[in-house]
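One structure is given here, and the rest of the page talks about it.
The values are calculated or read from the model by the stated rules, or taken from the named source; none is laboratory data. Worth saying up front: this structure is predicted, and the values here are computed from it rather than measured. Here the Cβ is made from the backbone with ideal geometry for all residues, glycine too, and neighbour counts use every protein chain on show. These area figures cover heavy atoms from the full protein model, side chains too; ligands, DNA and RNA do not enter into them. Shrake-Rupley method; radii C 1.70, N 1.55, O 1.52, S 1.80 Å.
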Amino acid sequence: ALLWWTRGLGGGAHDLLADDQPFPWRIILLIGLAQAAAIVPGISRSGATIAVALLLGVKSSGAFRYSFLMALPLILGAAVLETGDIGGLADTLGWGVLAGGFAACFLVSWLALGWLRRAVEAGGLHRFSPYLVLVASAALLWQAFHAA
């Protein structure tokens, strides 16, 4: 529903991260709360932060950039916490396999981010909604029939 409400939004009044316009703390706080809500399974962190930013009047390009910047501390923190496991994986799989996996992940992530940026800037974030409804319905049905 949150993504669907972004229909027609993207040309907002606030140009996030622009040098000439300070960003209101209220908007930053609400976008941060949207990120915190993504702790709940099934809620996309980037989807929630971008959608809330758009709903608060942030321009689409700024909403995307800010969401990405908000992710950097999370990604770096997770990388630090998982660093100890890399040595064990390298012993099991080899450094070449790990390097290949990293390169493939980096490439796919880069392409996906580019695609998401274009979708957000074109005002098309809401187009993910039908897909999410289908996936959520399938997951609920799966859970209903396999819970025992």
SER137 vs (1) modelled with pLDDT of 90 or more; (2) under 18 Å from the mean Cα position of the chain (by Cα): all pass except (2)
Practice task
Kindly check whether there is at least one residue in segment 83-103 that is aliphatic (A, V, I, L, M) and modelled with pLDDT of 90 or more.
Solution key: yes
Of the residues in segment 89-134, those that are over 21 Å from the mean Cα position of the chain (by Cα) and under 22 Å from GLY8 (Cα atoms) number 0
Of (1) free of Cβ contacts under 8 Å to residues at least 24 places away in the same chain; (2) of a type in the set (Phe, Trp, Tyr); (3) in a helix (DSSP H, G or I), TYR66 fails just (1)
Of the residues in segment 1-30 that are open to solvent by less than 90 Å² (accessible area, probe 1.4 Å), touching a Leu at 6+ places or on another chain (Cβ under 7 Å) and within 30 Å of ALA139 (Cα to Cα), the one that is modelled with the lowest pLDDT is LEU9
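Out of all the residues in segment 112-126, which are in a helix (DSSP H, G or I) and loosely packed, with under 15 Cβ neighbours inside 10 Å?
ALA112, LEU113, GLY114, TRP115, ARG118
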Answer with yes or no whether GLY114 is farther than 17 Å from SER67 by Cα and without any contact (Cβ under 8 Å) to a residue 60 or more places away in the chain. no
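Only residues that are polar (S, T, N, Q) and loosely packed, with under 10 Cβ neighbours inside 10 Å: list them for segment 47-92, please.
Within segment 47-92, THR83, THR92 qualify.
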